[in-house]
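The values are calculated or read from the model by the stated rules, or taken from the named source; none is laboratory data. Because the structure is a prediction, the values reported are computed rather than measured. Here the Cβ positions follow ideal geometry from the backbone for every residue, glycine too, while neighbour counts run over all protein chains shown.
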Amino acid sequence: MTDRIKAISLLSGGLDSILAAKVVADQGVDVLALHFISPFFGADNRGKEEELEAYYRDTYGIEARVLDVSDEYMEILGNPQHGYGKNFNPCIDCKIFLFRRALEIMEKEGAKFLITGEVVGQRPMSQRRDAMNLIAKRLGAKEILLRPLCAKRLEATKPELEGWVDREKLYDFTGRSRKPQMALAEELGVGDYPSPAGGCRLTDPCLAKRVRLYFDEIAPENRSSEDIRLLLAGRPFIFPGGSILTMGRSHEENLSIMKMQKEGDELAHVIDVPGPVGLFRAGSGEDERGLAASVLMRYCPKAGPDAKVGFGPSEEVQTTLLSASRAGPDELEKWKR
């Protein structure tokens, strides 16, 4: 009895990556799927790694491993060799980075090849034929990089030539249409799959603008993935000294923001008056709590002139109480992101 061939698959969580892993696994290959998360993709899965791994195993029969690459990804985002897409999305460098991490794990796991759910022509920057070839060449992994959904439109790779997978059981999908993938999902019994909406948050013009500003002006050095998470949540404000205030716009956002609190952060709200909760993260300059207090007052219309804004380690405990007038429209526009 021969040992089963093992492969590593990149699992974005979308239908294509689910299908790619299953197509190869159904040919008798042991597939370990890697789901990478950062503030920009898979962010909601942080802290739910075991739950998500169980979901993929129970729902799709896919053995998955969830890995947080947030801090490493910050360096890629700050200086991508192949530039950005339409917004602040370094798609080609992102692919290369994730594939390199997958190659490292492939070596440790004794796997033979890599799998991705890419389809030629589906995405304008990273899934053009020339871009796909560039990525494979930069990795030095062209021979072992298998794209099962469009393999018949590409040169045969080592897994096919060695007989680890049957090329005739792979596919020739191309373009942006989802109909072939949906038909294949039905054929393979894959239901309850995610819609194609969503994806990387760096392709969102509004969110990308916040992140670009942070990289270019606010924190050109000592950038933090935790700061980015805060900027991408709720309603964020950045003050001249680099302090960040993010306010929840709903009860759910308030709860989400509070979970982002780290040592040194303070929760802020107007005392004894209904209104938003803010998470305040001080910059390296002067104390900017007063500016944050004026913003909170602006979004708390029921607060009277004697109201105070409390700052502290929790909603119940305030170590600083400040009086502040409401920020004016010009100030809000200057600080709001």
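Does Pro194 satisfy being part of a loop (DSSP other than H, G, I, E, B) and either over 24 Å from Asp30 (Cβ atoms) or hydrophobic (A, V, I, L, M, F, W, C) (or both)? Spelling it out, Pro194 is indeed part of a loop (DSSP other than H, G, I, E, B) and either over 24 Å from Asp30 (Cβ atoms) or hydrophobic (A, V, I, L, M, F, W, C) (or both). Restricting Ala54, Ala64 to residues that are surrounded by fewer than 20 Cβ atoms within 10 Å (Cβ to Cβ), outside any loop (DSSP other than H, G, I, E, B) and of a type in the set (Gly, Ala, Ser) narrows the list to Ala54. Within the range 240-256, being within 21 Å of the chain's Cα centre (by Cα) and under 16 Å from Ser224 (Cβ atoms) holds for Ile244, Thr246.
From the list Ile76, Ile37, the one residue that fits, being among the aliphatic types (A, V, I, L, M), assigned by TED's automatic domain parsing to the domain that holds Pro159, under 21 Å from Leu114 (Cβ atoms) and free of Cβ contacts under 8 Å to residues at least 24 places away in the same chain, is Ile76.
Restricting the range 290-301 to residues that are within 30 Å of the chain's Cα centre (by Cα) and either assigned to a strand (DSSP E or B) or modelled with pLDDT of 95 or more (or both) leaves a set whose member that is surrounded by the fewest Cβ atoms within 10 Å (Cβ to Cβ) is Val295. Would you say Lys209 is exposed (fewer than 15 other Cβ atoms within 10 Å of the Cβ), in contact with a helix residue (DSSP H, G or I) (Cβ under 8 Å, 6 or more places away or on another chain) and closer than 24 Å to Leu77 by Cβ? Judged against the criteria, Lys209 is not a match.
Residues that are within 35 Å of the chain's Cα centre (by Cα) and part of a loop (DSSP other than H, G, I, E, B) were ranked within the range 302-325; the one that is surrounded by the most Cβ atoms within 10 Å (Cβ to Cβ) is Gln318.
Within the range 221-239, which residues are more than 17 Å from the chain's Cα centre (by Cα) and either among the polar types (S, T, N, Q) or closer than 22 Å to Arg46 by Cα (or both)?
So in the range 221-239, the residues more than 17 Å from the chain's Cα centre (by Cα) come out as 221-222, 235-239.
Matches in the range 221-239: Asn222, Arg235, Pro236.
Among residues of the range 92-118 that are within 13 Å of Leu67 (Cβ to Cβ), those with a Cβ under 9 angstrom from a residue that is of a type in the set (S, T, N, Q) and surrounded by 24 or more Cβ atoms within 10 Å (Cβ to Cβ), sequence gap 6+ or separate chain, pair up as Ala102/Ser9; Ala102/Thr116. Test of understanding: among Thr203, Thr174, which residue is farther than 23 Å from Glu75 by Cβ, modelled with pLDDT of 85 or more and among the polar types (S, T, N, Q)? Result of the check over Thr203, Thr174: Thr174. Residues that are of a type in the set (Gly, Ala, Ser), crowded, with 22+ Cβ neighbours inside 10 Å and assigned to a loop (DSSP other than H, G, I, E, B) within the range 14-41 comprise just one, Ser38. Residue under question is Arg65, and the condition is that it be out of contact with any Leu (no Cβ under 8 Å at 6 or more places or on another chain), in the same structural domain as Phe173 (by TED's automatic domain parsing) and among the basic types (Lys, Arg); does it hold? Spelling it out, it is not the case that Arg65 is out of contact with any Leu (no Cβ under 8 Å at 6 or more places or on another chain), in the same structural domain as Phe173 (by TED's automatic domain parsing) and among the basic types (Lys, Arg).
Quick one: would you say Val120 is buried (at least 21 other Cβ atoms within 10 Å of the Cβ), β-branched (Val, Ile, Thr) and out of contact with any Gly (no Cβ under 7 Å at 6 or more places or on another chain)? For Val120, the condition - buried (at least 21 other Cβ atoms within 10 Å of the Cβ), β-branched (Val, Ile, Thr) and out of contact with any Gly (no Cβ under 7 Å at 6 or more places or on another chain) - is not met.
Mind checking which residues of the range 326-337 are over 16 Å from Met297 (Cβ atoms) and either outside any loop (DSSP other than H, G, I, E, B) or more than 35 Å from the chain's Cα centre (by Cα) (or both)? Even if it seems obvious, please write down each step before you answer.
First pass over the range 326-337, keeping only residues over 16 Å from Met297 (Cβ atoms): 333-334, 337.
Within the range 326-337, Glu333, Lys334 qualify.
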